[in-house]
Amino acid sequence: MIMLPTFDRIFIDKTSEDSEVALRVRSLYPAEIITSSDERQPNANENFSLDKKGPMTADEFNLSKRTLLLTTFKGQFFKRCPGATQKKALTCCNYHVLNLGSQCNMNCSYCYLQSYLNSRTTKIFTNIDQALAELKEMADQHPDQPFRVGTGEVIDSLSLDLLTLYSRRLIEFINQYPKWILEFKTKSNNVEQFLDLKTAGNTVVSWSINPPYIIDREEHGTARFYERIAAAIKCRDQGYKIAFHIDPMIWHPEWKENYSYLAEELNRQFNPSDVHIISLGSLRFQPEQRHMMRERFGLDSLVTRAEMFSSEGNKLRYDAALRSEMFQFMIKKMKALDSAWNIFLCMETPETWIQSFDKVPMQVPELRSLFKPLPQIRDFQS
Amino acid sequence: MDFTSWALQKKLKDQDLLFKRALKTPLQEALFSKLANQLASLNPTYSEGLSVLEMLTDLILMGHNEMLFEGAESFETWKSALKKLRFPETSQRDELLKTKLEQLPWPYGSKVKFERRGDKAGVELKLFVSSATDLTKILASLERVQVEISK
């Protein structure tokens, strides 16, 4: 049985009416919650406007998770990861993003979308053909460059995939470019919908993962720890590469015990050869996000209670020495379990890299290819 | 001076007090109001006042109550006491680091001041150099400090 994401209202923009996604959504959800709409002519009777932009209140943000809008995206789908725009402050791993929607139906206390989004709906962009055309243009120009393309930047890659089935289109596309890597990043366990497809070995299904203690407290509405592990095992068994992002690591009094447990479980369930990469990141967020988090989660959360300080790149982070201690602990733990685990840091400063690894990534042979500069993507708008 | 007068004087906007939205119960709001009046009586600057008000909001939400008034007679003492409550782990780590750093064999005559600057804690070191010989001695001392820090 399909467990559908819960929405109170679904709007379908005129430009998306005939899309496959719209047809599928109409077949899955009751007609009374679905409204055809035109973003340019908002219905005056609605108590909120699809066009409204700007910072959201906590209530508006909550509502945006329960309101789905199917629409077309008018800008450039394929972009560099935001980490790349802070190259002076952060060490970036050449990740590229393909945003096929925005907002998330899950509800993690630390989610950066709380300070990033300004639209009152969860959006799914129905013009995937245009996104694939952009990707094809770039891939045809650089078929031999190891571009990594992720779809989980401003929307979970798979939590709404039961509605879109975009995973299938993307896997079939990327199979044609074996040097390119497609990465799904998710906190769901929705994988059955693509497991029948053969992979050329260049689709990575990755999970953002934390110890069960953190998932249960901070990652509301997500698949539980062992549900994610079970989904990862299914993918591995079908020949898909898998990856784990232990991100954000969250400090709490028992952090060493809980992150040890996570490392041991990953090591027990998988071999390093199964796992493309393990990335580590620590809790971080934009300063303005703290108000939204405080209002939505109070101070009972380990995230809102966290002792955060301004850091390079203007984000709030844990004390630099504590971050290094947490990373070093996890790296040491994983490497002690099996030295073949491939680990790197996400969105961290060169200083933290050196304190954690004694090296910057270009000096780590197994990471060099990830961090090697790639050709710039051109602006499709220009 | 009460909080309303201080807020007027400092030209506070609603947006400055966004953190207050998290206070949900009349009890929390009443405690905030009393603490805000106490703060205003110390006439802090705009940014220092807001920073303490936000800390007070967090501490109220963390379940602290009347004990938040401890040390409230002086702004600096109060701020320091509140920081220890809001950032207990970091305060403890900073104290240990401060003791460790201050005991290092810094160059003779130098001034060492422990500081937290955002996510980093360390020392500000002031040195006076009047000759190449001074510099040689200082570098030798700093090498000893480096050895000690690396231990």
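The values are calculated or read from the model by the stated rules, or taken from the named source; none is laboratory data. Remember, predicted model here, so these are calculated numbers, not experimental data. Heads up, the Cβs are rebuilt from the backbone with ideal geometry, glycines too, and the neighbour counts pull from every protein chain shown.
Give me the residue from region A:92-122 that is assigned to a helix (DSSP H, G or I) and more than 13 Å from the chain's Cα centre (by Cα) and, out of that set, nearest to A:Pro5 (Cα to Cα).
Only one residue fits best here, namely A:Gln114.
Find the strands (runs of 3 or more DSSP E) located wholly in region A:123-220 whose residues include 2 or more that are polar (S, T, N, Q), and list them. Even if it seems obvious, please write down each step before you answer.
Working: elements: A:148-150, A:181-186, A:203-208.
Once the strands (runs of 3 or more DSSP E) in region A:123-220 are filtered for at least 2 residues that are polar (S, T, N, Q), what remains is A:203-208.
The residue pairs whose first member lies in region A:297-310 and is at the interface with chain B (Cβ under 7 Å from one of its Cβ atoms), whose second member is part of a helix (DSSP H, G or I), and whose beta carbons are closer than 7 Å, counting only pairs six or more residues apart or on different chains, are A:Gly298/B:Ala22; A:Gly298/B:Leu61; A:Leu299/B:Asp58; A:Leu299/B:Leu61; A:Glu307/B:Glu89; A:Glu307/B:Thr90. Each residue in region A:221-266 was checked for being part of a strand (DSSP E or B) and either basic (Lys, Arg) or within 14 Å of another protein chain (Cβ to nearest Cβ) (or both), and 1 of them qualify. Total residues in region A:1-19 satisfying the condition of being touching a residue at least 40 places away in the same chain (Cβ under 8 Å) and of a type in the set (Asp, Glu): the figure is 2. Looking only at residues in region A:267-298 that are among the hydrophobic types (A, V, I, L, M, F, W, C) and assigned to a loop (DSSP other than H, G, I, E, B), the one that is nearest to A:Ala231 (Cα to Cα) is A:Phe270.
From the list B:Glu115, B:Glu66, B:Glu95, B:Glu102, the lone residue that is assigned by TED's automatic domain parsing to the domain that holds B:Lys24 and not hydrophobic (A, V, I, L, M, F, W, C) is B:Glu66.
Close Cβ contacts (under 6 Å, 6 or more residues apart or on different chains) running from residues in region B:127-141 that are part of a loop (DSSP other than H, G, I, E, B) to residues that are among the hydroxyl-bearing types (Ser, Thr, Tyr) comprise B:Leu127/B:Ser110. The condition of being modelled with pLDDT of 95 or more and in contact with a Phe, Trp or Tyr (Cβ under 9 Å, 6 or more places away or on another chain) does not hold for A:Ile181. Pairs are defined by a Cβ separation below 7 Å, a sequence spacing of at least 6 or placement on different chains, a first member in region B:1-27 that is more than 11 Å from B:Gly49 (Cβ to Cβ), and a second member that is surrounded by 12 or more Cβ atoms within 10 Å (Cβ to Cβ) and of a type in the set (Lys, Arg); the pairs so defined are B:Phe19/A:Arg294; B:Ala22/A:Arg294. Condition first: farther than 16 Å from A:Asn342 by Cα and touching a residue at least 60 places away in the same chain (Cβ under 8 Å). Can you find one or more residues in region A:258-276 that meet it? Among the residues of region A:258-276, at least one is farther than 16 Å from A:Asn342 by Cα and touching a residue at least 60 places away in the same chain (Cβ under 8 Å), which makes the answer yes.
Residues in region A:11-60 that are over 19 Å from A:Ser102 (Cα atoms) and polar (S, T, N, Q) were compared, and the one that is modelled with the highest pLDDT is A:Ser27.
In the condition set (1) modelled with pLDDT of 95 or more; (2) exposed (fewer than 15 other Cβ atoms within 10 Å of the Cβ); (3) more than 13 Å from the chain's Cα centre (by Cα); (4) within 14 Å of another protein chain (Cβ to nearest Cβ), B:Ser150 is compliant with all but (1). Applying the criterion of being more than 24 Å from A:Glu325 (Cβ to Cβ) and within 9 Å of another protein chain (Cβ to nearest Cβ) to the residues of region A:272-291, the residue that is surrounded by the most Cβ atoms within 10 Å (Cβ to Cβ) is A:His291. Beta carbons closer than 9 Å, at least 6 apart along the sequence or on distinct chains, never pair a first residue in region B:63-76 that is within 10 Å of B:Leu31 (Cα to Cα) with a second that is at pLDDT 95 or above and part of a loop (DSSP other than H, G, I, E, B). Residues that are loosely packed, with under 13 Cβ neighbours inside 10 Å and more than 19 Å from the chain's Cα centre (by Cα) were ranked within region B:117-128; the one that is farthest from the other protein chains (Cβ to nearest Cβ) is B:Phe128.
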